[in-house]
1. Enter the per residue convex hull volume of the range 29-89, computed from alpha-carbon coordinates, in Å³ rounded to the nearest integer.
2. Helix 84-103 sits at what angle to the longest principal axis of the chain, using alpha carbons and giving 0 to 90 degrees rounded to 10?
3. Between A241 and D207, 0.36 nm times their residue separation minus their Cα-Cα distance comes to what?
4. Hey, what's the Kirkwood Rh for the range 41-198 if you take every pair of different alpha carbons, in angstrom?
5. So how far apart, in nm, are the two label points at K51 and R23 if each is 7 Å from Cα heading toward Cβ?
6. Once the mean 1/r over all distinct Cα pairs of the range 179-256 is inverted, what Kirkwood radius in angstroms do you read off?
7. Give the average over all directions of the projected area of the C-alpha convex hull of the chain, one decimal, in nm².
8. Check V117: other-chain or 5+ apart residues with amide H under 5 Å from its amide H, H built from backbone geometry?
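Coordinate-derived values only; no laboratory data. Bear in mind the structure is a predicted one, so any value in this text is a computation, not a measurement. So basically every Cβ, Gly included, is an ideal-geometry build from the backbone, and we count neighbours across all protein chains shown.
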Amino acid sequence: AKAAGRNTLRFYDPQMQAAVAARVQLEADMRAGLATGQFELYYQPKVAHGKIQGAEALLRWRHPERGFVPPSEFIPLAEECGLILQLGQWVLHAACEQLARWAAEERLAGLTVAVNVSPRQFHEGGFVAQVLEALASTGADARRLRLELTEGMLLQDVEDTIAKMVQLRGYGVGFSLDDFGTGYSSLAYLKRLPLHELKIDQGFVRDVLTDPNDAAIARTIVALGTSLGLQVTAEGVETEAQREFLERHGCHVWQGYLLAPPLPRERFEALVHEHGTA
Ligand code: C2E
Ligand code: CA
Ligand code: CA
Ligand code: CA
């Protein structure tokens with residue numbers, strides 16, 4: 001394969017050419033979108049013991065021609081081309097700004113906001129400083145900010161990862177392990193991380209009533225998290241039966257379409273006013 005390297009450009013592959021052009025275009029569009037305010041945060045309520053505890057902030061991109069582009073289409077590309085660093089910073093800042101605004105409103109003051117963090121954002125470019133800057137410049141309370149990390153990114157450089165987490169924990173920032181069960185964390189390692197929360201991946205919740213393996217995994221995660229003193233949150237809860245099953249097995253915190261999909265800020269606030277906070 002090495003020997004072919006220099007000569008590969010000689011083959012003209014129109015399909016590949018088109019795919020590359022589309023990526024380059026999307027990348028340029030993302031940069032432009034960031035500069036012109038096409039990105040926004042949606043908020044999905046997280047329910048704890050029947051009350052809304054907070055929101056997970058989920059990024060939305062309203063492309064001028066293509067309409068909403070789902071995160072699954074642009075986040076991986078942003079991660080590859082490095083734009084995730086700026087995008088991630090924008091998300092952190094916007095989420096902290098929202099947190100600060102809610103803190104000033106009596107009925108919204110108790111809410112937490114969870115932000116998804118990408119691997120490059122966490123490992124490159126002064127992540128701790130980025131978070132502290134977002135908090136300081138908005139006046140948001142660090143104790144209401146949650147950062148959602150995934151297993152894979154934590155294994156990249158364990159000592160450095162723990163050091164960053166410990167530093168931010170010192171300011172009160174909380175950490176969630178997202179998509180738990182899909183990676184391969186060792187339990188010994190899990191114990192060392194200063195976490196608040198494990199999130200059961202929606203892949204296990206989906207068939208929790210019909211697939212005994214998924215049910216066993218979900219119950220194991222609840223038992224594990226609980227015994228480590230962590231909050232265990234189920235993602236992707238769509239039915240009352242799923243919620244009931246999870247509650248019966250000790251999981252009292254969940255997110256999902258059963259209550260609401262990610263919502264624009266005003267609709268999220270209206271829902272909180274209807275429902276009450278934790
Ligand atoms: P995630 O962090 O696991 O987020 C949960 C995804 O599940 C969201 O998809 C959410 O809309 C969806 N979801 C919530 N409840 C339900 C449900 O009941 N049923 C089903 N089928 N789906 C549900 P979304 O918003 O499309 O985001 C996809 C992924 O993109 C996220 O997965 C996260 O990995 C990434 N992402 C989103 N926003 C950001 C961001 O600001 N920064 C980074 N780095 N990644 C982000
Ligand atoms: Ca998440
Ligand atoms: Ca997740
Ligand atoms: Ca399954």
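1. Numbers: hull volume 6.0 nm³, N = 61.
Considering the Cα atoms of the range 29-89, their hull volume per residue is 98 Å³.
2. 30 degrees
3. On the way: separation 34, 0.36 × 34 = 12.24 nm, distance 1.09 nm.
Between A241 and D207, full extension yields an extra 11.1 nm.
4. Evaluated over the range 41-198, this radius sits at 16.3 Å.
5. Taking the simple label geometry, K51 and R23 are separated by 4.8 nm.
6. Numbers: mean 1/r = 0.0810 Å⁻¹.
When all Cα pairs of the range 179-256 are included, the Kirkwood radius is 12.3 Å.
7. Numbers: hull surface 70.5 nm².
Directional mean of the projected Cα hull area for the chain stands at 17.6 nm².
8. E148
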